[in-house]
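J.: The structure's right below; bear with me while I get my questions together.
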Amino acid sequence: MADAEKTTRLEATRFDRDFLRSALALAAKPDIDHFLYICDTPIAPDDLRRKQARKKLVYAVTAEPIAAELQSRKQRALVIPAYDYSRVERVKVALVSALAQGAFKEGDLVLCMTGRVGHPPDTLMQMRIGGSLDDRVAIEGIKVGEEFNSQVVDALIQLALQIGQEGYEGHPVGTIITIGDHNAVLEKSRQITINPFQGLGESERNVLDPRIREAIKNFSVLDGAFVIREDGVVLSAGRYLSAGDEAATQCLALVVSQTSGAVRLFKEGGILLELHQSARRT
């Protein structure tokens, strides 16, 4: 029995390598602009040697040190959350980060390879950035508008995913984060709790600072919404939004479901992006 199990593992390993080589062969084709490899284990140098796909390779990994090591080797890499999403959700998150960082542009054809966290990639997906996909994977090239800072939007999407996944001290929480058109949002809302960001200098309350993102995560237990300026400055927490107010402005609205942990990005009442957690952390 042990020999049979060993043989199965060896066969699976051979198949994984054959599958990767097939994906690299597809990625090398002229039609493909980028090969998005969503896995923490880098591709072996021998598998990339003399491969056209090497020039198209973009890694999506779950830890900064892994990304830094890849970048030191002159390879492109970006960091995504380490949560155990479904395969489609992992592709969505990686595409959002890649687009926000300018790695891809509208019209690019991306071959995405992914799998479960901690396992070899087992899935290939072809995505046209800006294409009309029913599952909104390409989210229309993240057409949030030139008035929004893509780094700010990306940072807040990642933060919303953390809130949906982790909650607060083991308890699920939901929240709303508005981005942009802040004057209109403030006019159409009212403060219902003490604003913990009041009195801080602008440089001390920008969401591009990891400490401020951690503060927002902690304050997500408060009733009310966060109001954030286009450039990432947090103006307020604990705002009461009347029904429909976020749709009546030109802001973006990130909504985290307390029930499911799902994250939805709205603009003008329509959903631009929808991300579902496969399992919440307990």
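J.: Which of (1) farther than 27 Å from residue 208 by Cβ; (2) in contact with a helix residue (DSSP H, G or I) (Cβ under 6 Å, 6 or more places away or on another chain) is the odd one out, the single condition residue 59 does not satisfy?
T.: Here residue 59 clears every test but (1).
J.: Go through region 162-179 residue by residue and tally those that are out of contact with any Gly (no Cβ under 7 Å at 6 or more places or on another chain), assigned to a loop (DSSP other than H, G, I, E, B) and open to solvent by 40 Å² or more (accessible area, probe 1.4 Å). Before the answer, list the steps.
T.: Of all residues in region 162-179, those out of contact with any Gly (no Cβ under 7 Å at 6 or more places or on another chain) come to 162-163, 166-171, 174-179.
With assigned to a loop (DSSP other than H, G, I, E, B) added as a condition, the list becomes 167, 169-170, 174.
Cutting the leftovers down to open to solvent by 40 Å² or more (accessible area, probe 1.4 Å) gives us 169-170.
Looking only at that region, the number is 2.
J.: If we only count strands (runs of 3 or more DSSP E) wholly inside region 180-248, which ones have 1 or more residues that are charged (D, E, K, R)?
T.: 189-191, 234-241
J.: Looking at region 104-113 only, could you name the residues that are closer than 15 Å to residue 27 by Cβ, touching a helix residue (DSSP H, G or I) at 6+ places or on another chain (Cβ under 8 Å) and surrounded by fewer than 23 Cβ atoms within 10 Å (Cβ to Cβ)?
T.: Scanning region 104-113 gives no hits.
J.: Do we find a residue being more than 26 Å from residue 179 (Cβ to Cβ), among the aliphatic types (A, V, I, L, M), open to solvent by 20 Å² or more (accessible area, probe 1.4 Å) and modelled with pLDDT of 85 or more anywhere in region 119-137?
T.: Taking every residue of region 119-137 in turn, at least one turns out to be more than 26 Å from residue 179 (Cβ to Cβ), among the aliphatic types (A, V, I, L, M), open to solvent by 20 Å² or more (accessible area, probe 1.4 Å) and modelled with pLDDT of 85 or more.
J.: What number of residues within region 81-98 satisfy the criterion of being modelled with pLDDT of 80 or more and open to solvent by 30 Å² or more (accessible area, probe 1.4 Å)?
T.: So the answer is 2.
The values are calculated or read from the model by the stated rules, or taken from the named source; none is laboratory data. This is a predicted model, so every value here is computed, not measured. Quick reminder, even Gly has a Cβ in these numbers, built from the backbone with ideal geometry, and neighbours come from all protein chains shown. Calculation scope for accessible area: heavy atoms of the full protein, side chains included, ligands and nucleic acids excluded. Shrake-Rupley method; radii C 1.70, N 1.55, O 1.52, S 1.80 Å.
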